[in-house]
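For reference, the structure is listed below as structure tokens.
The values are calculated or read from the model by the stated rules, or taken from the named source; none is laboratory data. The structure displayed is predicted, hence computed values, not measured ones. Counting neighbours? That spans all protein chains shown, and the Cβs are built from the backbone with ideal geometry, glycine included.
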Amino acid sequence: MRVALTGGIGTGKSYCAGQFRDLGVPVIDADDLAHEAVAPGTKGLAAVVARFGPGVLQPGGQLNRPFLGRLVFADPSARKDLEAIIHPEVYRAIEAWFEQTPGLALADIPLLFETGHQRDFDRVVVVICGAATQRRRLAARGLSEPEITQRLSSQLPLAEKVRGADFVIETSGSFAETDGQVREVYRALCNRPPAAPV
């Protein structure tokens with residue numbers, strides 16, 4: 001069974017992915033794959049430099065992610081250009097991984113709905129939290145209020161993602177409460193339930 005885990009920035013996707021991994025579910029992270037797609041020496045990095053200029057590189061040849069992030073989140077067309085470079089590589093890698101991974105497996109994909117790939121998966125799990133909690137978590141990462149607003153506005157509203165979910169995990173509460181929801185979803189996935197929200 002191919003499962004996608006998604007949600008919004010700061011909702012707790014990575015934590016939930018870690019809990020699924022602890023339960024024995026193989027997990028692949030789209031963010032890790034996106035980093036690999038623009039590692040030094042890759043065609044992806046060359047394409048990014050060609051589009052955005054050598055200023056996106058650090059002196060050692062690594063991608064200057066904070067600089068590029070500020071650039072693309074302030075310019076929707078630039079963000080789309082960057083996504084057009086990275087996303088195809090990410091989904092190719094995810095597809096290859098699933099082909100080599102038998103049984104229940106999960107892909108952590110933050111922009112699943114934004115990229116229109118939700119139908120590639122047997123089940124979709126959406127991780128959500130309250131708006132105040134989400135903003136507080138992003139501020140704790142060092143983002144300013146304008147940066148938080150930019151990032152949130154670049155993603156679909158959580159309510160829209162929930163409408164496309166087979167399962168929803170709400171992380172505004174305690175870790176124990178979140179862990180309990182993860183276990184419930186895991187048990188349901190193992191039993192192959194009908195695609196109905198819980």
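Here residue 132 clears all of (1) of a type outside the set (Val, Ile, Thr); (2) assigned by TED's automatic domain parsing to the domain that holds residue 191; (3) touching a residue at least 40 places away in the same chain (Cβ under 8 Å) except the condition numbered (3).
Every listed requirement among (1) crowded, with 21+ Cβ neighbours inside 10 Å; (2) within 24 Å of residue 145 (Cα to Cα) is met by residue 132 save one, (1).
For the range 155-174, the tally of residues that are touching a residue at least 60 places away in the same chain (Cβ under 8 Å) and either part of a helix (DSSP H, G or I) or in the same structural domain as residue 74 (by TED's automatic domain parsing) (or both) stands at 2. Considering only residues in the range 53-90 that are touching a residue at least 60 places away in the same chain (Cβ under 8 Å) and of a type outside the set (Lys, Arg), the one that is surrounded by the most Cβ atoms within 10 Å (Cβ to Cβ) turns out to be 90.
Selection of the range 163-179 for residues being over 26 Å from residue 72 (Cβ atoms) and surrounded by 14 or more Cβ atoms within 10 Å (Cβ to Cβ) yields 165, 166, 167, 168, 169, 170, 171, 172, 178, 179. Is at least one residue of the range 9-17 more than 28 Å from residue 144 (Cβ to Cβ), of a type in the set (S, T, N, Q) and modelled with pLDDT of 95 or more? Checking the range 9-17: not a single residue is more than 28 Å from residue 144 (Cβ to Cβ), of a type in the set (S, T, N, Q) and modelled with pLDDT of 95 or more.
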